[in-house]
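Here the structure is laid out as structure tokens; the discussion comes afterwards.
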Amino acid sequence: MAETVGSLADKISIIQLKIYHMNEQLARKDADNCLKKMVIGKIKVLKIQKKDLETELSELFKNLVEGKIKLKVYWQFKMYNDPKYRIKNV
């Protein structure tokens with residue numbers, strides 16, 4: 001599984017924000033029927049995507065609890081701005 005708990009939570013929150021702002025577009029007084037129809041279609045897609053991600057997150061938790069998988073820690077090895085890695089003038 002390529003996704004992590006954090007990446008899934010991040011994607012879900014971003015989609016929820018998109019849904020919120022799409023609903024704001026529906027509430028606009030100057031929004032015509034064409035715009036509203038397009039926005040409703042996008043909201044439907046976003047809700048499907050959100051549900052898929054929520055299902056994946058639930059499955060990840062289930063597999064973690066059941067011991068079927070373990071989370072990996074990916075260490076960050078950054079070299080920039082670290083004086084140990086600077087080339088010394090010879």
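The values are calculated or read from the model by the stated rules, or taken from the named source; none is laboratory data. These numbers were taken from a predicted model, which means no experiment stands behind them. With ideal geometry, Cβ positions are generated from the backbone for all residues, glycine too; neighbour counts draw on all protein chains shown.
Structure data summary
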item: Answer residue from the stretch 26-43, given it is in a helix (DSSP H, G or I) and hydrophobic (A, V, I, L, M, F, W, C) and is farthest from the chain's Cα centre (by Cα) among those; result: Cys34
item: The stretch 13-40 residues that are farther than 21 Å from Lys51 by Cα, paired with ones that are exposed (fewer than 13 other Cβ atoms within 10 Å of the Cβ) (beta carbon under 6 Å, 6 or more apart); result: Lys36/Leu26
item: Residue within the stretch 2-25 that is loosely packed, with under 10 Cβ neighbours inside 10 Å, among the hydrophobic types (A, V, I, L, M, F, W, C), outside any helix (DSSP H, G or I) and at pLDDT below 95 present; result: yes
item: Qualifying positions in the stretch 41-83 - within 30 Å of Glu24 (Cβ to Cβ) and either touching a Leu at 6+ places or on another chain (Cβ under 7 Å) or among the acidic types (Asp, Glu) (or both); result: Asp52, Leu53, Glu54, Glu56, Leu57
item: Residue within the stretch 41-61 that is surrounded by fewer than 10 Cβ atoms within 10 Å (Cβ to Cβ) and either touching a residue at least 24 places away in the same chain (Cβ under 8 Å) or of a type in the set (Gly, Ala, Ser) (or both) present; result: no
item: Enumeration of residues in the stretch 53-80 that are among the hydrophobic types (A, V, I, L, M, F, W, C) and at pLDDT below 90; result: Leu71, Val73, Trp75, Phe77, Met79
item: Hits in the stretch 46-81 (condition: hydroxyl-bearing (Ser, Thr, Tyr) and either under 19 Å from Ser13 (Cβ atoms) or part of a helix (DSSP H, G or I) (or both)); result: Thr55, Ser58
